[in-house]
There are 4 protein chains.
Amino acid sequence: MNTSKKISVGILGATGSVGQKFIQLIDNHPFFETVEVMASDRSAGKTYKDVVNWFLPTPIPNSVADLIIDRCIPNNKVRFVFSGLDSGVAGEIETEYAKAGYTVVSNAKNHRFDEDVPLLIPEVNSDHLDLVTSQQYNGGMIITNPNCSTIGLTLSLKPLEDAFGIDEVNVVTMQAVSGAGFPGVSSLSIIDNIVPYISGEEEKIESEPLKILGTLENNSVKLKNFKMSAQCNRVSVIDGHLESVQVRLKEKTTKEKIIEAWRNFKGEPQSLNLPTAPEKPIYYFDEPDYPQPRLHRTIENGMAVSVGRLKECPIFDYKFVVLSHNTMRGAAGGALLCAELLIKKGLFPQNG
Amino acid sequence: MNTSKKISVGILGATGSVGQKFIQLIDNHPFFETVEVMASDRSAGKTYKDVVNWFLPTPIPNSVADLIIDRCIPNNKVRFVFSGLDSGVAGEIETEYAKAGYTVVSNAKNHRFDEDVPLLIPEVNSDHLDLVTSQQYNGGMIITNPNCSTIGLTLSLKPLEDAFGIDEVNVVTMQAVSGAGFPGVSSLSIIDNIVPYISGEEEKIESEPLKILGTLENNSVKLKNFKMSAQCNRVSVIDGHLESVQVRLKEKTTKEKIIEAWRNFKGEPQSLNLPTAPEKPIYYFDEPDYPQPRLHRTIENGMAVSVGRLKECPIFDYKFVVLSHNTMRGAAGGALLCAELLIKKGLFPQNG
Amino acid sequence: MNTSKKISVGILGATGSVGQKFIQLIDNHPFFETVEVMASDRSAGKTYKDVVNWFLPTPIPNSVADLIIDRCIPNNKVRFVFSGLDSGVAGEIETEYAKAGYTVVSNAKNHRFDEDVPLLIPEVNSDHLDLVTSQQYNGGMIITNPNCSTIGLTLSLKPLEDAFGIDEVNVVTMQAVSGAGFPGVSSLSIIDNIVPYISGEEEKIESEPLKILGTLENNSVKLKNFKMSAQCNRVSVIDGHLESVQVRLKEKTTKEKIIEAWRNFKGEPQSLNLPTAPEKPIYYFDEPDYPQPRLHRTIENGMAVSVGRLKECPIFDYKFVVLSHNTMRGAAGGALLCAELLIKKGLFPQNG
Amino acid sequence: MNTSKKISVGILGATGSVGQKFIQLIDNHPFFETVEVMASDRSAGKTYKDVVNWFLPTPIPNSVADLIIDRCIPNNKVRFVFSGLDSGVAGEIETEYAKAGYTVVSNAKNHRFDEDVPLLIPEVNSDHLDLVTSQQYNGGMIITNPNCSTIGLTLSLKPLEDAFGIDEVNVVTMQAVSGAGFPGVSSLSIIDNIVPYISGEEEKIESEPLKILGTLENNSVKLKNFKMSAQCNRVSVIDGHLESVQVRLKEKTTKEKIIEAWRNFKGEPQSLNLPTAPEKPIYYFDEPDYPQPRLHRTIENGMAVSVGRLKECPIFDYKFVVLSHNTMRGAAGGALLCAELLIKKGLFPQNG
């Protein structure tokens, strides 16, 4: 690709928390440039900075602050959109954009299990990108980013699946409030408290890794069929989902070999040197009380996952803890990495 | 017993967080009266109220505030002591008191696995109290209260063990900071954070329920041998340990039958109507996002455990969430209930 | 009054946070009984327990749980209502109820400065109740409870005004999230954070004490005219507003005399022995780091205010810290005390 | 100076929280290089990484991790030390180092009011550096950094003093837990709570600004004599002290002129382009609810202060809110800026 000319992109759901993060990350991005912001009819026609309840610590990029918000209707200003839409509306709107020939990179759950839509973690299943060639969208396409808790978990499972095979995975999550967007979780619900429930979350974690770790056969993903179980909790943490994981492996192995598998793990984003890719996708900590959300969520700008406390398990084979930054790697950052992979592999048709 | 005359008791480790809670709970108790407070040599000789860093919301009971602190050496002022001692010193001191003929009710871990020492949850294994008759303490005896995370978990398991039999239990805990005492966990470690480690805790949870649920045979406890695995996390909650639990049962059953088993559960403290006993030891909630520490930890003055979110598990048979108040049911309140059982069963020799 | 027969009351805004608190407090109240719950048109016609997002630690009283919600339109089921309505709608609805002959005890701000409406803290200005005799509401009447931050502050000022006279008051508040209702403050706004702004709050604190401390002359309140300044902050606390206060007094005095004035302070609720009245309205603490929200907000069931840290001030005369429970004394509990005063003084016409 | 050769420095109190921050900031610093770490006798002789309870999100710099800790006794390995010592020991140790010819840049309070020791905020009173020429330390010298709450406050006051003159300043602080070091504030003291007291803090805030804003006359600082009053609170925030301030000015002015004075403010660190200097020392926010600790504490890497909510005050002339990062600008970062000023002004004798 010719990186000297950036690809103009639009942000669907630009005023929401994922939308804001997309705008922040795309500012000064080598491949992309935000030139359109789309939101609800209520906001359309107004200036972005006047409508958005911006809550990121860096200011609104100047180039975006004064954009007039468009409705979520294809108007051909751009050919590439990032979607931070709420799942209540994302499904239909994204389909419409794809049918209109847009490339849609979505963080919403709606299309994740469409047969021809890649559910992508670039380090894990970059080959699934080929699915887009089967999409019947008249030149457009949809690729999706998994759920925020799935991403950290699946990244930590991938080296185990590759090296030893996975039989069963049980996980209990402790999830940050930013995962619910803004205003999201009421302070009255979470100060000095835990909410042991996140609507729809357990179902996502119990299904998404099976597609992501699935194998591409005849341009279709054969789902993995190991057993997964998840229990999800919301805790008083701003950013960073921590997960307690237990795994049964197909092949017996040692603690040392597992740690080695994690530490040596690299994927296509690393070999392609994608702008948002972490140098090392997985950090294993030997300290007995690491990783911790506040200390480790921002490693490699929030794009690496942190693993620790690997221990033999009396029931499963091993147990450990994994942490990932839910709004970076687990949402906007992860989706952006998918988009970078798409561009670098030459799959964005308008590119060139 | 003749409740018109209260039993004089001493509090070992009276200035610590468990010690304070003992003093608070024993104030106006129908069976007991605090007449002696014991602490480290550093504090001995000083007035209790001048030394203690009292952090409970109710004031120091007047009858205790002006007591002069004694050293932790038997002096025969009382014949009955509650121990809130740190495990670093509890083992030896408690042995000394028992040898001197004292009845010792301890919250410390040191003697929990002594063969002749009951590890007691009065609703679960009140029959284990008989173990004390084998103790060779010259009239004295030691009984122990389990770890704070064990108690809630084991109370929720007991009806399942009785009705269906337990095969495997996996648990991930989210534990309140009060479990670490005062000052305990630094605020810098826990605001906007989780610490996925509590020293020694996983070992306790993986072993204690097997003794508590064990059967008394020939005046000795036959440990259960089902598999247990635990991962422990410290979270930003003041009081109340929440635990995500998965169980495999010996006998297949239904969700309804499990909930019924919990809701109908009663034990000896209820039939004996012990002063600190909750009317119902277990509350099951149908609400999808209950129980929560801040809302439910104080049910029945913190002596009942709350259970919710029972769901079939793709790996085990069922999964659920259990909450218990770690400093009440899980520490001083639980130990006090043990003491009440002992008195009511006529096992305190000086009583009568 | 004949307390054997309770007065039937309705709760306006029954599903909101203040409404819930009214329902909780009136359960088993000696004077009142909740027989009607009113809320928005959206909720009307539905069962209370199905609509309310109940977030108090005690369960919904059985007698209320199954009530069908009415619209906020007078229907003569009761003659007495407590209003926990939002100020967006409270003004008009309360007027309508009063015109229909209802007695309205309101926590909303709308009528607080109506000339003939008492703005009441029963310990401070119970004589202002007489204002209701001037109200032109066809038998109905409105009495109001001050802002949550005003109440604690004004209670602490009253003994100073009586004994020494007040010249100037500067206050900086640190307010709990429950003051904003539910969902209110987003967790993303307040974990590891402070918001130095609460809409409309500074204006209320700078004006309400001047009416409350005003003198009744010719059945009208002559406002005090000392200078007041307030800055308000929202902090990560569930319940309990803490305020740093500086005062300039008309008459020079000593620290001892001020503390004595606080400790000896009593008002009409104490002499009338009203059910919700604290025994002592003000607690002064000598400890250098008291009062603290979590430790002291529930003193006397949240109806007493706590004061501490009295110190000479290089600019004003004295400075101190005052704490009050914003949803008890500062909202529903305070309003209930007003209602009790009204009843006990025989001002509720249907009573007898 | 010749920046190609870095000045070797030692860190006194290297394992403490301020010490850690010094080490983090000096890593890759253009002027300085940490080659010695000093701590208590208990730690001396051990490797830094084995002793330190490192709690910063970035790893221990490699060049420091393996240093062997020295005692706090001058040994001539370096000629320049940063002191993060506790005030319990700082006074004597720093004197000893100065007497041994060291340049000591200290964050401790002990020498702040020594007549010949500059109490320095480089943007405010860089001219006070000249005081060191009067020091009788045999070639050594001591310069000090003010208290963390003083720095933000005084930076916000300086432009007002210069433009309008200050008559009175009242301040209420809401201070982050990191200000107390590690472990510092217990989580039990601060979750869902406020502690309205910080030992010694009010006295520092009421005195330090008067020296810092004082004028240098005949190589001695003439203290300002306006009145200052402070009340200090500890709140549940990790980093960032927020302060509610009221000021009386000598000369009447407008809101616009005050904001302009803040926005245009620059000092010597800016003109000298010191490495740690913020581009703009003061940011004024027009948003009604800014500044907030979590959003604004890291502006300019934590070296700028944020101001907002300027409003006329019914008692004083104006009131506003100021925020500064207490461990950056308010401690290690502020002290480092002092050191950079010293170097750049050629006052470090060994330099050149």
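Throughout, read-outs are computed from the coordinates displayed, never taken from laboratory work. These figures come from a predicted structure and were not determined experimentally. Reconstructed Cβ throughout: ideal geometry from the backbone, glycine too, with neighbour counts over all protein chains shown.
About the centre of its Cα atoms, region D:148-325 shows a dipole size close to 140 debye [charges on the beta carbon of Lys, Arg (+1) and Asp, Glu (-1) only; nearest 20 debye].
Ascending distances from the D:GLU217 label point to its copies in the other chains, with the point 7 Å along the Cα-to-beta-carbon line: 5.0, 9.2, 9.4 nm.
Legend: mean number of C-beta atoms from other chains within 10 angstrom of residue C-beta atoms, peptide B:307-314, equals 3. Using the alpha-carbon centroid of each, what span in Å lies between region C:203-228 and region C:254-324? Between the Cα centres of region C:203-228 and region C:254-324 lies a distance of 21 Å.
Need one word for region D:99-247: rounded, prolate or oblate. Basis is the Cα gyration tensor (sqrt eigenvalues a ≥ b ≥ c); a/c below 1.5 gives rounded, then a/b vs b/c decides. Verdict is oblate for region D:99-247. Using a 7 Å projection from Cα along Cα-to-Cβ, the label point at D:GLU260 is separated from the same position in the remaining copies by 5.5, 7.1, 8.2 nm, smallest value first. Viscosity 1.002 mPa s, temperature 20 °C: Stokes-Einstein D of chain D from its Kirkwood Cα radius, in µm² per second? After rounding, the answer is 105 µm²/s.
Straight distance only, please: which lysines reach the Cα of B:LYS49 with their own Cα at less than 17 Å, same-chain residues fewer than 8 apart left out? Output for B:LYS49: B:LYS21.
Fewest-first ordering of B:HIS296, B:HIS241 by other beta carbons within 10 Å of each residue's beta carbon gives B:HIS296, B:HIS241. Computed on region C:8-159, the Cα convex hull volume stands at 120 Å³ per residue. Summarising the overall dimensions of the protein assembly as shown from its C-alpha atoms, the Rg and Dmax are 33.0, 96 angstrom. Within the listed set A:LEU129, A:LEU67, A:LEU341, the Gaussian network model of chain A (springs between alpha-carbon atoms below 10 Å) gives the highest mean-square fluctuation for A:LEU67.
Note on B:LYS224, D:LYS344: ascending count of other Cβ atoms within 10 Å places them as B:LYS224, D:LYS344, the fewest first.
Estimated from helices alone, the mean residue ellipticity of chain B at 222 nm is -7500 deg cm²/dmol (sum of -39500 (n - 2.57) over DSSP H runs with n ≥ 4, per residue). Put a dot 7 Å past the Cα of C:LYS266, heading toward its Cβ, do the same for C:GLU217, and the two dots end up 3.1 nm apart. Positive-end ranking of B:SER156, B:VAL177, B:SER236 along the dipole of region B:148-325, with charges on Cβ about the Cα centre, is headed by B:SER156.
For chain C, the dipole from Cβ point charges (+1 on Lys and Arg, -1 on Asp and Glu) about the Cα centre works out to 320 debye, to the nearest 20. Projected over every direction and averaged, the convex hull enclosing the alpha-carbon atoms of region C:238-333 yields 6.7 nm². Pairs exceeding a 23 Å alpha-carbon distance, out of D:LYS158/D:LYS224; B:LYS6/B:LYS344; B:LYS6/B:LYS345; C:LYS227/D:LYS227; C:LYS222/C:LYS311: C:LYS222/C:LYS311. Just to be sure I understand: of the beta bridges DSSP finds with both ends in region C:148-325, what percent are antiparallel, rounded to 5? In region C:148-325, approximately 65 percent of DSSP beta bridges are antiparallel ones. Overall shape of region A:148-325 was characterised from the C-alpha gyration tensor. The equivalent ellipsoid obtained from it has semi-axes of 25, 19, 18 Å, in decreasing order. For region D:60-140, a crude dipole built from +1 on the beta carbon of Lys and Arg and -1 on the beta carbon of Asp and Glu, taken about the Cα centre, is about 260 debye to the nearest 20. The GNM of chain D, with springs linking C-alpha atoms under 10 angstrom apart, assigns the highest mean-square fluctuation among D:SER178, D:SER43, D:SER199 to D:SER199. Going from the residue with the fewest nearby Cβ atoms within 10 Å to the one with the most, B:LYS158, C:LYS280 rank C:LYS280, B:LYS158. Sticking with the crude label model, points 7 Å out along Cα→Cβ, report the distance from A:VAL89 to A:SER8 in nm, one decimal please. Between A:VAL89 and A:SER8, the simple spin-label model gives 2.3 nm. Cross-link partners of D:LYS204 among aspartates and glutamates, defined as those whose alpha carbon lies under 17 angstrom from its own and excluding same-chain residues fewer than eight positions apart: C:GLU312, D:ASP86, D:ASP114, D:GLU115, D:GLU168, D:GLU243.
What whole-number distance in Å separates the alpha-carbon centres of region C:72-106 and region B:89-128? If we compute the Cα centre of each part, the gap is 61 Å. Placing a label point 7 Å from Cα along the Cα-to-Cβ direction at B:SER40 gives distances to the equivalent points in the other copies of 1.3, 5.7, 5.8 nm, listed shortest first.
Highest GNM mean-square fluctuation among D:THR254, D:THR144, D:THR15, for chain D modelled with Cα contacts below 10 Å: D:THR254. The simple Förster model, with R0 at 22 Å and r as the Cβ-Cβ distance, assigns A:LYS227 and A:GLU312 a FRET efficiency of 0.65.
Applying 1/(1 + (r/R0)^6) with r as the Cβ-Cβ distance of B:ASP162 and A:ASN53 and R0 = 45 angstrom yields a FRET efficiency of 0.25.
One residue of chain B places its C-beta nearer than any other to the axis carrying B onto D; that residue and its whole-Å distance are B:SER187, 2. In this structure, D:ASN76 and A:GLU279 have a Cβ-Cβ separation that, at R0 = 30 Å, corresponds to a calculated FRET efficiency of about 0.15. What the pair-distance distribution of region C:215-274 shows, using all Cα-Cα distances binned every 10 Å from zero, is 13, 24, 44, 18, 1 percent.
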